[in-house]
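> Structure in structure tokens, see below.
The values are calculated or read from the model by the stated rules, or taken from the named source; none is laboratory data. Worth saying up front: this structure is predicted, and the values here are computed from it rather than measured. We place every Cβ from the backbone using ideal geometry, glycine too, and count neighbours over all the protein chains shown.
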Amino acid sequence: MEYIILIISAVFINNIVLAKFLGICPFIGVSNRVETAFGMTGAVMFVMVISAVATYLMQNFILVPLGITFMRTITFILVIAFLVQMVEIILKKVSPSLYQALGIFLPLITTNCIVLGVAVMSVDNDYNLLQSVVFSFANAAGFGLALILMAGIREQLELVNIPKGIDGVPIAFVVAGLLALAFMGFAGIV
Amino acid sequence: MNQWKNFTKGFFRESPTFALFLGMCPVLGVTTSASNGLGMGLATTFVLFMSNIVVSLIKSFIPDKVRIPAYIVLIASFVTIVELVMQAYVPDLFDSLGVFIPLIVVNCILLGRAEAFASKHDILSAGIDGLSMGLGFTLALIIIGCVREFLGSGSLFGLEIYPGNGILLFILPPGAFLALAYVIVIINRIRKV
């Protein structure tokens, strides 16, 4: 039950994009097509679950015993950059078709603030290993939900006549604002 | 290059927020009040200034293949310095900015300037570029922060401007997106004239 609440709250109530404002760049940047939105979601989910395990082990078996928790930011970003690099190399060898689908998104993920942000939040909330993994997975799902919804809306928006001044990035932010407003309706369901 | 032009570009012409659309997360996340925006902006400016200078200093020693990881480590070190200093001297601001302080590492402005500018120019230009972009970013945060604080809680930098609570929506997440969208529209309009 605890895990279900964790998932619902991360996906709907405290959606990582629409309520916590992490990962805005890919949210605006790759939300033009539903297809690419799915690809990006897959890649983010993959990297985030692995990095949740890696950063948890790093924090509890290296940083805390040695008393160097202030090195957290440096170690986490290095672990994430290393993981993304490794996932890319392994995927290329093991599953070329999956690499074809996710390949172009992987390098972008290192500087996606969701991965580092969720790793830091898991540590701040004192989650155990299973909780951090579930929390990361749920946040990746929340990111995917917001991204795919946004992509669907933007595909429809292409058919609409938008006044010149607000076309492009501003209209994307207006749509995001309305989405965020809709998501506020989920508040209080758990 | 004309250094004065180099310094002023970040405020309007190449504003990282309103023209390049880099590093949007903190622009939305910490701007519930103007003073939060100011604090975040100055922290980012410090990191940007220092990392630009050091990248420019060591650009000839870094092998081309590992330059991106090297820049990330460098930026992360300065972020850690900022984190520790803020925790010690401005704990309230540190708490209200929360996770966005460690996230300065993944702010695309930093890596973007290191890669696109500092690694190709001398120390003076790189330092000025860092200051310009950082202060431009700070200005953008203050503008959005002022709009949201003024409409949302009826005050500016914590000083009451009009009585009552204002429009709560602008303090909440949707208001961040809407405020940013319309500020960009207005700035695009000014840019064209």
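> Tell me yes or no: at least one residue of the range B:38-54 is of a type in the set (Ser, Thr, Tyr) and over 16 Å from the mean Cα position of the chain (by Cα).
Checked against the condition, which is being of a type in the set (Ser, Thr, Tyr) and over 16 Å from the mean Cα position of the chain (by Cα), the range B:38-54 yields no hits at all.
> Give the residue that is surrounded by the fewest Cβ atoms within 10 Å (Cβ to Cβ), with candidates limited to residues of the range A:136-190 that are part of a loop (DSSP other than H, G, I, E, B) and hydrophobic (A, V, I, L, M, F, W, C).
A:LEU159
> Out of A:GLY103, A:GLY165, which single residue is farther than 24 Å from B:LEU110 by Cβ, facing another protein chain (nearest Cβ under 8 Å) and at pLDDT below 85?
A:GLY165
> A follow-up question, please. Please go through (1) at pLDDT below 90; (2) over 30 Å from A:GLY168 (Cβ atoms); (3) more than 13 Å from chain A (Cβ to nearest Cβ) for B:VAL66 and return the number of the only condition it doesn't satisfy.
B:VAL66 satisfies every listed condition except (3).
> Taking B:LEU169 as the residue in question, decide whether it is surrounded by 12 or more Cβ atoms within 10 Å (Cβ to Cβ), of a type in the set (A, V, I, L, M, F, W, C) and facing chain A (nearest Cβ under 7 Å).
No; evaluated as a whole, the condition is false for this residue.
> So A:SER132 passes all but one of these: (1) closer than 30 Å to B:VAL85 by Cα; (2) within 12 Å of chain B (Cβ to nearest Cβ); (3) among the polar types (S, T, N, Q). Which condition number does it fail?
For A:SER132, the failing item is (2).
Every residue, every condition in (1) surrounded by 14 or more Cβ atoms within 10 Å (Cβ to Cβ); (2) assigned to a helix (DSSP H, G or I); (3) of a type in the set (Asp, Glu), yes or no:
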site: B:SER125; (1), (2), (3): yes, yes, no
site: B:ASP129; (1), (2), (3): yes, yes, yes
site: B:GLY134; (1), (2), (3): yes, yes, no
site: B:PHE137; (1), (2), (3): yes, yes, no
site: B:ALA140; (1), (2), (3): yes, yes, no
site: B:GLY145; (1), (2), (3): yes, yes, no
site: B:GLY164; (1), (2), (3): no, no, no
site: B:ILE190; (1), (2), (3): no, yes, no
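> Hey, B:GLY134 hits all of (1) within 19 Å of the chain's Cα centre (by Cα); (2) within 12 Å of chain A (Cβ to nearest Cβ) but one; which does it fall short on?
Exception for B:GLY134: condition (2).
> Taking the condition within 19 Å of A:MET71 (Cα to Cα) and either at pLDDT 90 or above or among the aliphatic types (A, V, I, L, M) (or both), does B:LEU74 pass?
The answer is yes for B:LEU74.
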